[in-house]
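What follows is a short report on a single structure.
Read the figures in this text as sums done on the coordinates, not as results from a lab. For clarity, every value in this text was computed on a predicted model and none was experimentally measured. No Cβ is skipped: glycine too gets one built from the backbone with ideal geometry, and neighbour counts run over all protein chains shown.
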Amino acid sequence: MRSIVAANWKMNLPEEGIDEWIEAVLRQPAGDGVEVVIAPPFPYLAAIAGDVGGRSMRLAGQNVSAHESGAFTGEVSPAMLRDVGCTDVIVGHSERRQLFSETDDLISRKLESASKAGLSPILCIGETREIRSTGKTVEHVDSQLKMALGSTEIDDLVVAYEPVWAIGTGENATTLQVEDAHGAIRKILRDLGYDEVPVLYGGSVKPHNAAELAAAEGVDGFLVGGASLVSAAFLEIIAAVADAR
Ligand code: PGA
């Protein structure tokens with residue numbers, strides 16, 4: 001199985017400077033078989049593409065429009081992301097779902113249009129604290145996956161399991177919670193006809209918990225938010241995934 005570590009900068013930039021961050025991460029070999037992806041805010045994609053082009057880091061959009069072109073002020077099409085050098089795109093992040101009211105239906109259409117344009121989508125799913133407390137985590141990710149993937153076959157799919165309560169809170173899911181969720185997600189994916197999909201974990205991944213989480217059964221890497229803003233921390237997390245392979 002592929003191993004992937006993706007940096008989601010969200011609407012932030014590394015304090016050390018973008019160029020310094022890129023150089024630091026590129027300087028260090030990621031370790032055999034670990035793929036590194038960076039998702040900066042849209043305006044920085046083209047410049048970063050110039051830095052990482054042909055080197056050992058891939059570039060992702062944090063979001064994409066479901067439309068190909070037209071009167072959609074503020075939106076960015078899949079073809080435009082490809083044009084500036086993206087190979088990957090994050091779809092359905094919980095912040096998009098919660099703060100920008102993205103529905104499962106919209107996420108499904110975004111996946112379809114991204115995939116049609118040749119982008120590899122990182123589909124984010126995960127439960128809120130309330131859903132977990134009522135014991136409905138598996139039911140919830142099952143519905144998210146089926147609604148997102150129901151209609152068309154998506155090539156080069158990657159799934160990120162990101163419990164909403166663990167994102168940006170410093171409270172990561174436990175190994176047991178991660179193993180249970182990843183096991184269930186893999187089974188659902190298999191039932192949907194997706195056999196070789198890397199399943200990443202995301203939610204307060206930090207250098208101090210990366211080794212344990214990377215060793216958890218069914219974890220193929222991480223989607224990292226806060227800790228990805230510091231190159232040294234991000235490199236430690238990459239190393240933890242490389243060691244766990
Ligand atoms: P976090 O964010 O690592 O800051 O918790 C993860 C994410 O939102 O992908």
With viscosity set to 1.306 mPa s and temperature to 10 °C, compute the Stokes-Einstein D of region 1-104, Rh being the Kirkwood radius across alpha carbon pairs; µm²/s, no decimals. 108 µm²/s
What is the total of Lys pairs in region 90-230 with C-alpha atoms under 28 Å apart, excluding same-chain pairs fewer than 8 positions apart? 10
Please give the contour-minus-distance gain from Leu176 to His140: 0.36 nm per residue of separation, less the Cα-Cα distance, rounded to one decimal in nm. 11.2 nm
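Once the Cβ-Cβ distance between Arg245 and Asp105 is put in as r, and R0 is 22 Å, what FRET efficiency do you end up with, to the nearest 0.05? Intermediate results must be reported in sequence, preceding the final value.
Details: r = 37 Å, r/R0 = 1.66.
Plugging the Cβ-Cβ distance into 1/(1 + (r/R0)^6) gives 0.05.
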Total formal charge among the other residues, if their Cβ is under 11 angstrom from that of Ala210, Lys/Arg +1 and Asp/Glu -1: -2
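How much length would be gained if the chain were fully extended between Thr87 and Arg190, taking 0.36 nm per residue of separation minus their Cα-Cα distance, in nm to one decimal?
34.6 nm
Just to confirm a number: summing +1 for Lys and Arg and -1 for Asp and Glu over residues other than Leu59 whose beta-carbon lies under 14 angstrom from that of Leu59, what do you get? Write down the numbers at each step before the final one.
Numbers: positive: Arg55, Arg58, Arg82; negative: Glu35, Asp51, Asp83, Asp88.
Residues near Leu59 contribute -1 overall.
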Estimated inter-spin distance, His67 and Glu20, nm [label 7 Å along Cα→Cβ]: 4.1 nm
Selection from Asn209, Thr169, Ala49, by position along the positive dipole direction of the chain (Cβ): Thr169
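Taking the highest mean first, how do the peptides 183-190, 65-72 order by number of other beta carbon atoms within 10 angstrom per residue?
Details: 183-190: 16.9, 65-72: 13.1.
Highest-to-lowest ranking by the protection proxy: 183-190, 65-72.
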Taking Cα pairs closer than 8 Å and at least 6 residues apart, the relative contact order of the chain in percent is 23 percent
Please give the Cα centre distance for region 26-98 versus region 137-205, rounded to the nearest Å. 20 Å
Let's test this: bin the Cα-Cα distances of the chain at 5 Å from zero up to the farthest pair and state each bin's percent. 1, 7, 15, 20, 21, 18, 12, 5, 1, 0
Going 7 Å from the Cα of Val230 along its beta-carbon direction, which residues of region 25-43 have the amide nitrogen within less than 11 Å of the resulting point? none
